[in-house]
Amino acid sequence: MDLWNTLIINPMVNALLFLYGLLFHNLTLTIVVFTIIIRAITFPLTYQSQKSQKKLAEMQNSPEWKHIQEKHAKDRDKLAQEQMKLWQAAGYNPLSGCLPLFLQFPILIGMYQAITNAIAASPIQLYNLSTHLYSFLPGVTSLVPLDNTFLWLNLGLPDPYFVMPILVAATSWVQSKVMTPPPSTDPQMAQSTQSMALMSTLMFAWFSLSFASGLSIYFIVGNILGIIQYGMTNPLKWSNIFDLGLTPAPAVE
């Protein structure tokens, strides 16, 4: 835990406070700018992951993959072997899609914890925040406690009117749908994609209902930036927004 705080939490908490001092003590604007900075830093990893996902989707829709599915439909071991051969022939490495996402997890979790610490709303939370501050940063202690009000919100508490959870769910759903790769001809893969989109939307909505509304701002801005970043290198499929996955997945011909 000490190593995690030293390498991840402390730098992020102090960066947030530094930005807060620069941005006119506006915590909402600080979270927005901080999210943009983190997204810019992690963009190379995100881009690599998106390229791998696109390549995998193209292979799954190729005639070669359809032929393998038909030929080895009753032999799962042989199907897996032939799939690996197809990946190797195409120069696709499954880790190329998973590793960038795995490397982002510490950053994303750290950012979540940093925001939670920075928007301390109780005496215990304020004390915990003080343990993360750098004493060598001029005036950093004078910034605490932060002004955590925004419109009707106390950014250290959940939204009492559920507006932020609804916005988080909406932007999460839109992001998961417009960034969906080409539909797979594999029924199981298509169903899995639909289920993941729904589960991620419900998960972030639950987070927003349960935790500080300042995190909802981070989620909303992150979702919008994710759509923009994806649109820089891939076509956005806006028509997918209203696809609830209720229609049967396409069968392999």
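The values are calculated or read from the model by the stated rules, or taken from the named source; none is laboratory data. The structure presented is a predicted model; accordingly, all values stated were derived computationally and were not measured. FYI the Cβ positions are ideal-geometry reconstructions off the backbone, even for glycines, and counts take in every protein chain you see. Keep in mind that these areas ignore ligands, DNA and RNA; they rest on the heavy atoms of the full protein, side chains included. Shrake-Rupley method; radii C 1.70, N 1.55, O 1.52, S 1.80 Å.
To keep it simple, each residue is scored yes or no on (1) under 21 Å from Gly139 (Cβ atoms); (2) open to solvent by less than 30 Å² (accessible area, probe 1.4 Å); (3) modelled with pLDDT of 80 or more; (4) assigned to a helix (DSSP H, G or I).
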| residue | (1), (2), (3), (4) |
| --- | --- |
| Gly21 | yes, no, yes, yes |
| His25 | yes, no, yes, no |
| Ala40 | no, no, yes, yes |
| Phe43 | no, no, yes, yes |
| Lys55 | no, no, no, yes |
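In this structure, is Ala190 surrounded by fewer than 20 Cβ atoms within 10 Å (Cβ to Cβ), at pLDDT 80 or above and part of a helix (DSSP H, G or I)?
For Ala190, the condition - surrounded by fewer than 20 Cβ atoms within 10 Å (Cβ to Cβ), at pLDDT 80 or above and part of a helix (DSSP H, G or I) - is not met.
Could you give every pair whose Cβ atoms fall below 6 Å, whose first residue belongs to the range 155-181 and is open to solvent by 30 Å² or more (accessible area, probe 1.4 Å), and whose second residue is among the aromatic types (Phe, Trp, Tyr), counting only separations of at least 6 or pairs across chains?
Short answer, once both residue conditions are applied: Met179/Tyr230.
Condition first: assigned to a helix (DSSP H, G or I), of a type in the set (A, V, I, L, M, F, W, C) and surrounded by fewer than 18 Cβ atoms within 10 Å (Cβ to Cβ). Can you find one or more residues in the range 60-70 that meet it?
No.
Is at least one residue of the range 134-141 modelled with pLDDT of 90 or more, more than 13 Å from the chain's Cα centre (by Cα), open to solvent by 50 Å² or more (accessible area, probe 1.4 Å) and closer than 22 Å to Leu16 by Cα? Show your work before the answer.
Step one: list which residues in the range 134-141 are modelled with pLDDT of 90 or more, which gives 134.
If we keep only those that are more than 13 Å from the chain's Cα centre (by Cα) too, we end up with 134.
Pick out the ones that are also open to solvent by 50 Å² or more (accessible area, probe 1.4 Å) and you get 134.
Next, only the ones that are closer than 22 Å to Leu16 by Cα stay: 134.
Yes, there is a match, as at least one residue in the range 134-141 is modelled with pLDDT of 90 or more, more than 13 Å from the chain's Cα centre (by Cα), open to solvent by 50 Å² or more (accessible area, probe 1.4 Å) and closer than 22 Å to Leu16 by Cα.
With the condition kept exactly as written, say whether any residue in the range 97-106 is open to solvent by 60 Å² or more (accessible area, probe 1.4 Å), small (Gly, Ala, Ser), modelled with pLDDT under 85 and not in a loop (DSSP other than H, G, I, E, B). Even if it seems obvious, please write down each step before you answer.
To start, the set of residues in the range 97-106 that are open to solvent by 60 Å² or more (accessible area, probe 1.4 Å) comprises 98-99, 101-103, 105.
Pick out the ones that are also small (Gly, Ala, Ser) and you get none.
Scanning the range 97-106, I find no residue that is open to solvent by 60 Å² or more (accessible area, probe 1.4 Å), small (Gly, Ala, Ser), modelled with pLDDT under 85 and not in a loop (DSSP other than H, G, I, E, B), so the answer is no.
Which of the following residues is open to solvent by less than 30 Å² (accessible area, probe 1.4 Å), among the aliphatic types (A, V, I, L, M), closer than 28 Å to Ala118 by Cα and modelled with pLDDT under 90: Ala212, Ala197?
Numbers: Ala197 fails: closer than 28 Å to Ala118 by Cα.
Just one listed residue meets the conditions, Ala212.
Please indicate, with yes or no, whether at least one residue in the range 7-14 is surrounded by 14 or more Cβ atoms within 10 Å (Cβ to Cβ), in contact with a Leu (Cβ under 8 Å, 6 or more places away or on another chain) and of a type in the set (A, V, I, L, M).
So far as the range 7-14 goes, yes, one or more of its residues are surrounded by 14 or more Cβ atoms within 10 Å (Cβ to Cβ), in contact with a Leu (Cβ under 8 Å, 6 or more places away or on another chain) and of a type in the set (A, V, I, L, M).
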